[in-house]
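Novice: Have a look at this one.
The values are calculated or read from the model by the stated rules, or taken from the named source; none is laboratory data. The structure displayed is predicted, hence computed values, not measured ones. Glycine also receives a Cβ, built like all others from the backbone with ideal geometry; neighbour counts cover every protein chain displayed.
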Amino acid sequence: MIDLRSDTVTKPTAEMLAFMFRAEVGDDVFSEDPSIIALEQKTASIFGKEAGIFCPSGTMTNQIGIKVLSDPPGEIICDELAHVYQYEGGGISFNSGLSVKLLQGDRGRLTANLVSEAINPNDVHKPKTQIVSVENTCNKGGGSIYPFRDLKEISELAKNNGLYYHLDGARIFNALTEADYTAKQVGSLFDTISVCMSKGLGCPVGSVLIGSNEHIAKARRIRKVFGGGMRQAGYLAAAAIYALDHHVNRLKEDHLRARKISDILNGLNYVEDIMPVETNIVVFKLTEKLDLNQFLGKLAEMGIKAVAFGPRLVRFVTHLDFSDDDLNELEKSLKNFRI
Ligand SMILES: *Cc1c(COP(=O)(O)O)cnc(C)c1O
């Protein structure tokens with residue numbers, strides 16, 4: 001079975017599991033789990049931030065990050081494709097009491113010009129603009145990477161207007177693998193960053209929210225209210241420590257395989273269009289004569305799982321458990337495909 005539905009489908013490697021078994025643990029609600037404390041500090045220091053907090057999911061780190069920065073009533077600005085808006089169940093209004101202003105960026109990426117026009121004037125009729133949230137890489141943008149200049153210009157604009165700046169960095173290491181900027185440069189721009197360990201890094205569970213001591217102290221209270229205070233979860237944090245040490249450099253292999261998939265798709269008569277492949281996500285459009293569900297059904301019969309990503313759109317995501325052998329098998333199946 002070749003599973004390209006998401007980079008979350010990976011299982012821990014034998015080495016990761018062995019490392020998890022050896023973890024020292026304690027009750028994290030009492031701040032006594034050495035593995036969780038180590039992971040939080042390690043993640044924060046990679047990005048040059050003061051503190052971190054380990055959570056069960058990236059949805060929780062995004063939602064806590066936004067709640068920490070919000071002061072309702074008010075408004076957050078993000079791209080219309082953003083995970084925080086599209087895939088978190090309306091959590092921004094439910095948890096933080098903010099309205100959301102959606103912008104149309106370029107494959108999920110905003111610019112300072114776009115954001116600037118969206119900041120509300122100081123007028124009691126208007127919700128007070130409080131936060132700008134960006135996503136790097138952008139999932140629905142096909143794994144697109146932000147240029148540093150745009151991240152920085154938005155950060156300056158946010159500062160000048162008294163706005164907080166949140167990064168959904170579920171796949172920030174995929175971006176850093178290809179981009180010409182560093183984790184510390186990214187860290188210097190944002191108030192809060194959500195980093196997922198369960199995506200390309202191959203952990204079974206977990207995300208870390210990083211920021212200032214003050215913001216993360218507030219995040220600890222909110223995590224408890226959200227029911228995200230875990231106990232001896234250091235076994236899971238250990239997986240993330242292992243992944244930060246061993247699974248970051250290999251992300252370029254996932255990106256190479258994604259580019260190879262794009263080349264294969266390029267030669268197929270039932271593929272109309274392919275989004276530029278920048279990282280580990282391949283989004284492509286089927287021609288009109290091929291029904292999306294029929295295509296996915298046939299692929300599944302051939303042992304290949306993928307997801308629909310919009311009208312006539314299919315997404316493939318490469319990951320730790322997708323090998324060169326799998327790539328060869330995928331190539332054969334795609335080339336032999338008949339309706
Ligand atoms: C996966 C993902 C998240 C977090 O998802 P969880 O399943 O809650 O861990 C957040 N943002 C983006 C862009 C993602 O792809």
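Novice: Kindly indicate whether ARG250 is among the charged types (D, E, K, R) and surrounded by 19 or more Cβ atoms within 10 Å (Cβ to Cβ).
Specialist: Numbers: among the charged types (D, E, K, R): yes; surrounded by 19 or more Cβ atoms within 10 Å (Cβ to Cβ): no.
No, not satisfied.
Novice: Condition check: under 17 Å from GLN232 (Cβ atoms), surrounded by 19 or more Cβ atoms within 10 Å (Cβ to Cβ), away from the ligand (no atom under 16 Å from the Cβ) and not aliphatic (A, V, I, L, M). Does PHE30 satisfy that? Don't jump to the end; show me each part of the working.
Specialist: Working: under 17 Å from GLN232 (Cβ atoms): yes; surrounded by 19 or more Cβ atoms within 10 Å (Cβ to Cβ): no; away from the ligand (no atom under 16 Å from the Cβ): yes; not aliphatic (A, V, I, L, M): yes.
In short, no.
Novice: Examine region 313-326 for a residue that is within 21 Å of LYS140 (Cα to Cα), out of contact with any strand residue (DSSP E or B) (no Cβ under 6 Å at 6 or more places or on another chain), without any contact (Cβ under 8 Å) to a residue 40 or more places away in the chain and surrounded by fewer than 18 Cβ atoms within 10 Å (Cβ to Cβ), and state whether such a residue exists.
Specialist: No, that holds for no residue.
Novice: Within region 18-28, identify whether any single residue is closer than 30 Å to ASP326 by Cα, without any contact (Cβ under 8 Å) to a residue 24 or more places away in the chain and in a helix (DSSP H, G or I), and answer yes or no.
Specialist: Yes, region 18-28 contains a residue that is closer than 30 Å to ASP326 by Cα, without any contact (Cβ under 8 Å) to a residue 24 or more places away in the chain and in a helix (DSSP H, G or I).
Novice: What is the number of the single condition among (1) closer than 24 Å to ASN280 by Cβ; (2) assigned by TED's automatic domain parsing to the domain that holds LEU163; (3) more than 12 Å from the ligand (Cβ to nearest atom); (4) buried (at least 21 other Cβ atoms within 10 Å of the Cβ) that LEU4 does not meet?
Specialist: Failed condition: (2).
Novice: Residues of region 45-93 being more than 15 Å from the ligand (Cβ to nearest atom) and among the small types (Gly, Ala, Ser), which ones?
Specialist: Within region 45-93, SER45, GLY48, ALA51, GLY52, SER70, GLY74, SER93 qualify.
Novice: So for region 2-16 (the condition being in a helix (DSSP H, G or I) and farther than 30 Å from LEU327 by Cβ), does at least one residue qualify?
Specialist: Within region 2-16, not a single residue is in a helix (DSSP H, G or I) and farther than 30 Å from LEU327 by Cβ.
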